[in-house]
Amino acid sequence: MSSLKMKEAALIYLDRSGGLQKFIDDCKYYNDSKQSYAVYRFNILINPSDIVELDAELGNHILHEPLKAAQVFQSVCFTAVKTLSLIGQLQTETQINIVLKLTHLPPLRSYSLDLCEFPLDYASQRFYMMQGIVIAMTTVTKYTQGARFLCSDEACPLSKGFQYIRVHVPGATESATVRNDFLCNLCSSSLQEDRKFRVLGDKQIVEIITAKALHAFRGYSNNQPCRFQSLTIFLRDESVSKMNIGNEYKIIGIPSCVKTSQTAVCIEANSIISCNPKVPSGISDNFKYLLSLTSSSCWKFTAILANIFASQIVPPGTYNLLKLCLLMSLVQTTDCNKELKNCLDILIITSDTLLVDRLLNFSINLVPRGIRHPVSTEIFPTLSRNKYGTGAVSIQAGSALLAKGGICFMGDLASHKKDKLEQLQSVVESRSITVYIPGKKFGDDVNQQMTFPVQCSFWSFVDMDSSSRKNMQKTNTLIGQMDCSLIPANLLEAFGLLISCNESSPCYPLLSTVQHTLKKAIDPEGQLYVASKKFTTEDFEKLLAFAKNLNVEFSLEAERMIHGYYLASRRIRTDSISGSKLSASALKYLVSLAESHARLNLRNKVLKEDALIAALLFETSLTLKYGATVFCVAPNAVFPFELYNEEYLEQRDIYLTQCQQQLQQFIATYGPGTTLFTSDE
């Protein structure tokens, strides 16, 4: 009676949810097909909340005994087929393969599988929800959805018909569905597969890790013991190719234990849900107050942010240019699975690699996808053999794809081999990486290739005092040009922003840095400055999270200024021998710089003041690469004064206003076809 009641509830649910009509439409497809099937596969969408409200027993069955629940729906669907004459070729109930697709699971802890907890429950064959980031995936291969077997004894009545049907169930291996040692229940003769009725489906294997595991890739330790491992997910049929490397997903599936060279816990995926980013709640009150105080200027707020940023690593007022560029790059990151449109790569030339390394490492920890690339690992995708013996090739993510939407910090550029730097140059220029899969090496007849978008910003630095550099210094540098002989010329051009951090410069006072380092050595957790207490690391995290989600658009003035500067700069940096020194991506970097400065100001519109900062930063970078030109920009143009008080901020505004006039004159003189309008016009 209990079984009959559940079947009635299943039929009522199918009728109310529209599942019955979809089932009838699917049956029509099978019935109209000229092909003969041993197994008819149907997906049924299940909303657990609705079905528990309709019938608690059936709902409990679906959540905790999904294989038995599928049999209930199988019986209902078979009865419907026979009653309504939906599929003429169907003979037995076992030919119907029902797959229950859940929309969600109850938001209770007992239904979630935390990849950091041990032991994992894989003994109970029920649904769990887990969340993770894809770090590897295989190519798509085939598996057996279902097969028909016949008794080998022709005198046996079971040597005909569709009495012996085997279908894949979650957690089962290929050998559990198809092998040659099955026996007839009637005469004990061996069963033989009727191969022309074998039904094949698509299969793909992915590996995920919990987002908590990213702390291990950040070069930072909070001394908290943690355990994490990757979890293998089996995708089948309509779920294949729905997951991308680097993206984060919620997966509903049934755990199982698979034995390879060592026992591993796997998940048979049932439903895949793309993770939505959390909406930022806003910024701290101290930042709100600071923003209101500086509202009369388009430059003061970001200047103060750069001045006080990372006071745990360097004293306020030092490395302001670098810190501003880091903040601008951080607000160009994005959350979860959103597409990163405008990256902002930074290459730093410095004599103090230790301090710059600490500063960059601190900065990447302020965004969810800040990855420090270990030199011993691969930065771009690599190939390996799949450990589950399916014949598929496993593609491992690498640091760049793992940093999707964020920052990939590569450390010292000199620590990477020449071939890796050439690969990096190609990726920075094209923003994609193509993986070639040789068929012969991995047991396939056909060569394949897969292309992945690389959606992260790259940070790196070069030691200007390295011994190899001293032995190969150039003497014929132009005014303002840095000796970048250690960096491959093409790679140097590919990086959007080149920054020089020279501690002997007035911009980087040595004494305050030494004092800061000594005090932090004595009291590592101490807050040495008032700024550190008023504007905490958490405050900066909230600010960046809020700023990077702002949708910005260009004002007409800003757009014309960016295009005008680009055309004028391209014109004066072009010669008949080598052509233009501005790369094809120069305009994109200028747009990204202007956008990021507007975001950092918490504005939705890019103004001409943002365009000026973009032009000054980009021109400073070009001067370091190729030397100064007619539009001569001082190395410290963005921060011409040390920011001690309001008076110095006012002086900086006056200086930048003068720079803006010089830029407009430069565009009017060297930018053919561009027109600059005043605000009145």
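Just read off the accessible area of Tyr655 with the full protein assembly in place, 1.4 Å probe, to the nearest 10 Å².
60
Which aspartates and glutamates does Lys341 reach when only Cα atoms under 12 Å apart count, and residues fewer than 8 places away in its own chain are ignored?
Glu595
Using only the alpha carbons of the chain, determine the length spanned along each of the three principal axes and report them from longest to shortest in whole angstroms.
Extents along the principal axes, in whole Å: 99, 59, 53.
Given a Förster distance of 60 angstrom, what is the FRET efficiency for Ile437 paired with Gln661, based on the Cβ-Cβ distance and rounded to 0.05?
Here the calculated transfer efficiency is 0.60.
Could you tell me the relative contact order of the chain? Use alpha-carbon pairs under 8 Å, at least six residues apart, and round to a whole percent.
11 percent.
Restricting attention to segment 139-199, which trypsin sites (Lys or Arg not before Pro) occupy a DSSP loop and are surrounded by at most 15 other Cβ atoms within 10 Å?
Lys160, Arg179
On C-alpha positions alone, give me the angle between the axis of helix 608-626 and the longest principal axis of the chain, in degrees, nearest 10.
The angle comes out at about 80 degrees.
What is the dipole size for the chain, taken about its Cα centre, with +1 at each Lys and Arg Cβ and -1 at each Asp and Glu Cβ, in debye to the nearest 20?
In debye, rounded to 20, the chain gives about 1140.
Just to be sure I understand the curve: with the Debye formula and one point per C-alpha of segment 1-103, what is log10 I(q)/I(0) at q = 0.10, 0.17, 0.18 Å⁻¹?
Per q value, in the given order, log10 I(q)/I(0) is -0.26, -0.73, -0.81.
Among the listed pairs Lys142/Lys420; Lys34/Lys101; Lys196/Lys250; Lys278/Lys387; Lys323/Lys588, which have their C-alpha atoms separated by more than 26 angstrom in this model?
Lys142/Lys420; Lys34/Lys101; Lys196/Lys250; Lys278/Lys387
Spin-label point model (7 Å from Cα, Cβ direction): what's the Met450 to Glu647 distance in nm?
6.3
Taking the Cα centre of segment 1-103 as origin and charging only Cβ (+1 Lys, Arg; -1 Asp, Glu), how large is the dipole, in debye to the nearest 20?
With only Lys, Arg, Asp and Glu charged at Cβ, the dipole is about 320 debye.
Which one, Asn31, Gly18, Pro48, projects farthest toward the positive side of the charge dipole computed for segment 1-103 from Cβ point charges (K/R +1, D/E -1)?
With unit charges placed on the Cβ atoms, the residue in question is Asn31.
Quick one: the Cα spread of segment 567-647 along its three principal axes, in angstroms, biggest first?
Here the spans come out as 48, 28, 16 Å, largest first.
Solvent-accessible area per residue for the chain at a 1.4 Å probe radius, Å²?
Accessible surface, normalised per residue, equals 47 Å².
List the residues whose amide H sits under 5 Å from the amide H of Lys101, counting only those 5 or more places along or on another chain, with H placed 1.01 Å from N in the peptide plane.
HN-HN under 5 Å from Lys101: Ile44, Leu45, Ile46.
Report the Cα centroid-to-centroid distance between segment 1-63 and segment 586-627 in angstrom, as an integer.
Each part's Cα centre sits 58 Å from the other's.
Kindly express, to the nearest 10 degrees and within the range 0 to 90, the angle between helix 646-670's C-alpha long axis and the longest C-alpha principal axis of the chain.
Tilt of helix 646-670: around 80 degrees.
Taking every DSSP beta bridge with both residues inside the chain, roughly what % is antiparallel (nearest 5)?
If I count the DSSP bridges inside the chain, around 65 percent turn out antiparallel.
Using Cα atoms only, what is the angle between the long axis of helix 537-547 and the major principal axis of the chain, expressed in degrees (0 to 90) to the nearest 10?
Compared with the principal axis, the helix lies near 80 degrees.
Return the carbon/sulfur percentage of the accessible area of the chain, one whole number, probe 1.4 Å, all protein chains in place.
52
If R₀ is 51 angstrom, what is the calculated FRET efficiency for the pair Ala584 and Ile12, using the beta carbon separation as r and rounding to 0.05?
Efficiency computed from Cβ-Cβ geometry: 0.25.
Do me a favour and compute the ellipsoid semi-axes for segment 46-161 from its Cα gyration tensor, root of five times each eigenvalue, largest one first, whole Å.
34, 22, 14
Quick check: pseudo-label points 7 Å beyond the Cα along Cα→Cβ at Ala172 and Lys387, how many nm apart are they?
2.6
What percentages make up the Cα-Cα pair-distance distribution of segment 406-460 when the bins are 10 Å wide from 0?
Cα pair-distance distribution for segment 406-460, in percent: 20, 41, 26, 12, 0.
Measuring from centroid to centroid over Cα atoms, what is the spacing of segment 356-407 and segment 541-563 in Å?
29
The values are calculated or read from the model by the stated rules, or taken from the named source; none is laboratory data. Keep in mind it's a predicted model, so treat the numbers as computed, not measured. Neighbour counts are summed over all protein chains in view; Cβ atoms, including those assigned to glycine, are modelled from backbone coordinates with ideal geometry. Only protein heavy atoms, including side chains, enter the accessible area calculation; ligands, DNA and RNA are left aside. Shrake-Rupley method; radii C 1.70, N 1.55, O 1.52, S 1.80 Å.
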